[in-house]
Amino acid sequence: MTIDYLALAQPGVQGLKPYEPGKPIETLERELGIRDSIKLASNENPLGPSPRALEALRAGLDKIALYPDGAGHALKSAIAERIGCDPACVTLGSGSSEILDLTARAYLGPGLEAVYSEHAFAVYPLVAQAAGAECKVAPANAADDVQPYGHHPDKLLARMSARTRVVFIANPNNPTGTWLNEAALRALIASIPETAVVVVDEAYCEFVEAPDYPDTTRWLEDFPNLIVTRTFSKIHGLAGLRIGYGVSGPEIADVLNRVRQPFNTGSLAQIAALAALRDGTHIRLSRENNTLGLAQLAAGFKAQGLPYLPSVGNFICVDVGRTAAAVYRRMLELGVIVRPIANYGFPNCLRISVGTPAQNDRALAALQQALLA
Ligand SMILES: *Cc1c(COP(=O)(O)O)cnc(C)c1O
C-alpha cells in the first residue's frame, strides 16, 4: 500500500500552495536558449549591492568555517543605534520573511486567526496556515480610491475577533504599491486590541518619499504589541544573502528569540548588512534611481494607454487589458522577466520592478512588442 504523505501532513500544511518566485535569469536562459536577459520580477536593487558591502564580504570570507555570532551582536547594535532602541528589541532573520514566520510560529496555531488585507503580500497566508491558524482576509480599497486596492483600516478592524493573534500590515504593500499615512496607520494600530500582535511590514520603507509616511519604529514604546519588519533584500541589494530584521518591544523580541534557530543568519549576511546599513550614499543613489524609474515606467505606460497602480515601492503594476499570462510569456521570449500577479487577484496585470533607466526602457519596449502579438 502506498502512503499519502500529503495526507499525513498537518492540516494547515496540506492546504498550502507553494510560493511562486520570480523566474531566475539562469532558468529562463536555460529554457529558451537566450542571453542578456534582465529580471525585473522580484523587486531587487538594479544598482546591485553597496560596494562597501562587497568589500566587507571579501574581507570576511575566511570566517565561514566558524559558526556565526548567533546573537548578531554587531549588526543588532548598529540597527538599534540607528533606530534609537535597545539592541534587545531587534531580532535578525533569514530575510524579513523569517521574522514573519517566527511571529506566526510563536503566536498562531489552531483555533487562532491571522488578519490581513486582500491583495497583501503572499507570505502572510503561507506562514499563518503553516502554523495551523485560520486566515481572515479583509476587503481592500475600491479601484477608484486614492490608494487603489490598498489596505482599508476599518475593514481590517472588522475582520478581527477575540481569536485574532496576528495582524499583518504591509506599508507599502507589495504588489499594489499602496500605503497608509501616519495618521491612518497610527489610528489603526491604536484600535487593535493589545492581545493581537501587529506586524508592520516595511520591506520598502527606504524608497518612500512622501512626507507623511510614518516611521513606525518611533511608536514601539506606545504599542507593546508592535513588530516592525525591514529587510536588506530590497534597497540594500542583498537579496541573495537572506537577511532582514524585526524591531519590537523587548518582550516580543524575547519570544521570537526563543523560536528562532540559534544560527538563523549567516556570518557573511551579517557582515554585508552591517556595511550596507552604513553606506548612506548607496542608499540615496538607489532611492534616486527608483524615484526616476517609477516616473519613467509610469510615463511609458501612459504613452501606451495602459492603466497602472500608482506605487511608492520599487515596483509598479500595469494593467495590460487582457489576461497577462501570454504577455508575460512573450516578454520572457524577449529576455525580460516580469511578474504575473494573477495569484494576487490581478489576472490582467504585470508587476514590473524598477530597473536602471536602460532596463526600464527595455521593459517598456518589450511590453509594447508583446502587446502587438
Ligand atoms: C520582499 C518582501 C519582503 C521580504 O523579503 P525578504 O527577502 O525575506 O526580506 C517582505 N515583505 C514584503 C511585502 C516584500 O515584498
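The values are calculated or read from the model by the stated rules, or taken from the named source; none is laboratory data. The structure displayed is predicted, hence computed values, not measured ones. Cβ coordinates were reconstructed from backbone atoms using ideal geometry, including for glycine residues, and neighbour counts include every protein chain displayed.
Restricting the first residue to segment 34-57 and requiring it to be closer than 26 Å to Phe121 by Cα, which pairs with a second residue that is of a type in the set (Lys, Arg) meet a Cβ separation below 7 Å and a spacing of at least six or different chains?
Matching pairs, first to second residue: Ile38/Arg362; Ala41/Lys23; Ala41/Arg339; Asn43/Lys234; Asn45/Lys234.
Quick one: which of Pro214, Pro193, Pro172 is within 15 Å of the ligand (Cβ to nearest atom), within 28 Å of His119 (Cα to Cα) and either more than 14 Å from the chain's Cα centre (by Cα) or buried (at least 18 other Cβ atoms within 10 Å of the Cβ) (or both)?
Checking each option against the conditions leaves just Pro172.
Counting only residues that are surrounded by fewer than 20 Cβ atoms within 10 Å (Cβ to Cβ) and within 16 Å of the ligand (Cβ to nearest atom), which one in segment 107-122 is nearest to Arg163 (Cα to Cα)?
Selected residue: Glu118.
Would you please name the residue that is farthest from Leu61 (Cα to Cα), looking only at residues in segment 280-295 that are surrounded by fewer than 19 Cβ atoms within 10 Å (Cβ to Cβ) and not β-branched (Val, Ile, Thr)?
Ala295
Of the conditions (1) away from the ligand (no atom under 16 Å from the Cβ); (2) touching a residue at least 40 places away in the same chain (Cβ under 8 Å); (3) not assigned by TED's automatic domain parsing to the domain that holds Ile25, Phe223 fails just one. Which one is it?
Tallying (1) away from the ligand (no atom under 16 Å from the Cβ); (2) touching a residue at least 40 places away in the same chain (Cβ under 8 Å); (3) not assigned by TED's automatic domain parsing to the domain that holds Ile25, Phe223 fails exactly one: (2).
Just checking, does segment 267-279 include any residue being within 16 Å of the ligand (Cβ to nearest atom), closer than 27 Å to Asp86 by Cβ and over 21 Å from the mean Cα position of the chain (by Cα)?
Looking for residues that are within 16 Å of the ligand (Cβ to nearest atom), closer than 27 Å to Asp86 by Cβ and over 21 Å from the mean Cα position of the chain (by Cα), one finds at least one in segment 267-279, hence yes.
Condition check ((1) over 25 Å from His119 (Cα atoms); (2) of a type in the set (Gly, Ala, Ser); (3) crowded, with 18+ Cβ neighbours inside 10 Å; (4) not assigned by TED's automatic domain parsing to the domain that holds Asn174) across all residues:
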{"residue": "Pro310", "(1), (2), (3), (4)": "no, no, no, yes"}
{"residue": "Gly321", "(1), (2), (3), (4)": "no, yes, no, yes"}
{"residue": "Glu333", "(1), (2), (3), (4)": "yes, no, no, yes"}
{"residue": "Val338", "(1), (2), (3), (4)": "no, no, yes, yes"}
{"residue": "Ile341", "(1), (2), (3), (4)": "no, no, yes, yes"}
{"residue": "Arg351", "(1), (2), (3), (4)": "no, no, yes, yes"}
{"residue": "Ala363", "(1), (2), (3), (4)": "no, yes, yes, yes"}
{"residue": "Gln368", "(1), (2), (3), (4)": "yes, no, no, yes"}
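Looking for something touching a Gly at 6+ places or on another chain (Cβ under 6 Å) and crowded, with 17+ Cβ neighbours inside 10 Å - is there at least one such residue anywhere in segment 146-167? Lay out the reasoning, then the answer.
Taking segment 146-167 first, the residues touching a Gly at 6+ places or on another chain (Cβ under 6 Å) are none.
So far as segment 146-167 goes, no, none of its residues is touching a Gly at 6+ places or on another chain (Cβ under 6 Å) and crowded, with 17+ Cβ neighbours inside 10 Å.
Restricting to segment 244-260, name every residue that is more than 17 Å from Phe223 (Cα to Cα), more than 16 Å from the ligand (Cβ to nearest atom) and out of contact with any Leu (no Cβ under 6 Å at 6 or more places or on another chain).
Across segment 244-260, the qualifying residues are Asn257, Arg258.
Is it fair to say Leu306 is in a loop (DSSP other than H, G, I, E, B), away from the ligand (no atom under 16 Å from the Cβ), farther than 21 Å from Leu185 by Cα and in contact with a strand residue (DSSP E or B) (Cβ under 9 Å, 6 or more places away or on another chain)?
Yes; evaluated as a whole, the condition is true for this residue.
Can you say whether Phe263 is away from the ligand (no atom under 12 Å from the Cβ) and touching a Phe, Trp or Tyr at 6+ places or on another chain (Cβ under 6 Å), as far as the supplied structure shows?
yes
I'd like to know if segment 53-63 contains one or more residues that are crowded, with 16+ Cβ neighbours inside 10 Å, among the basic types (Lys, Arg) and either out of contact with any strand residue (DSSP E or B) (no Cβ under 6 Å at 6 or more places or on another chain) or in a helix (DSSP H, G or I) (or both).
no
Please go through segment 198-211 and give me each residue that is away from the ligand (no atom under 16 Å from the Cβ) and among the hydrophobic types (A, V, I, L, M, F, W, C), ordered by number. So that I can check it myself, show each step before the final result.
Restricting attention to segment 198-211, the residues satisfying the condition of being away from the ligand (no atom under 16 Å from the Cβ) are 209-211.
Ala210 - this is the single residue of segment 198-211 that is away from the ligand (no atom under 16 Å from the Cβ) and among the hydrophobic types (A, V, I, L, M, F, W, C).
Going residue by residue through segment 83-106, is there one that turns out to be over 26 Å from Thr195 (Cβ atoms), away from the ligand (no atom under 16 Å from the Cβ), at pLDDT 95 or above and not small (Gly, Ala, Ser)?
Yes, the conditions are met somewhere in segment 83-106.
Please enumerate the residues belonging to segment 123-145 that are within 13 Å of the ligand (Cβ to nearest atom) and out of contact with any strand residue (DSSP E or B) (no Cβ under 7 Å at 6 or more places or on another chain).
Passing the criteria: Val123, Leu126, Val127.
Which one of Thr231, Thr265 is surrounded by 19 or more Cβ atoms within 10 Å (Cβ to Cβ), touching a Pro at 6+ places or on another chain (Cβ under 9 Å) and touching a residue at least 60 places away in the same chain (Cβ under 8 Å)?
On the way: Thr231 fails: touching a Pro at 6+ places or on another chain (Cβ under 9 Å).
Every option except Thr265 fails the conditions.
Answer yes if at least one residue in segment 135-144 is in a loop (DSSP other than H, G, I, E, B) and either among the β-branched types (Val, Ile, Thr) or buried (at least 23 other Cβ atoms within 10 Å of the Cβ) (or both), and no otherwise. Step through it out loud before you land on a result.
Going residue by residue through segment 135-144, those that are in a loop (DSSP other than H, G, I, E, B) are 139-144.
Those still in the list that are either among the β-branched types (Val, Ile, Thr) or buried (at least 23 other Cβ atoms within 10 Å of the Cβ) (or both) too: 140.
Yes: segment 135-144 contains one or more residues that are in a loop (DSSP other than H, G, I, E, B) and either among the β-branched types (Val, Ile, Thr) or buried (at least 23 other Cβ atoms within 10 Å of the Cβ) (or both).
Would you mind telling me which numbered condition in (1) part of a loop (DSSP other than H, G, I, E, B); (2) within 19 Å of Ser267 (Cβ to Cβ) Lys23 fails?
(2)
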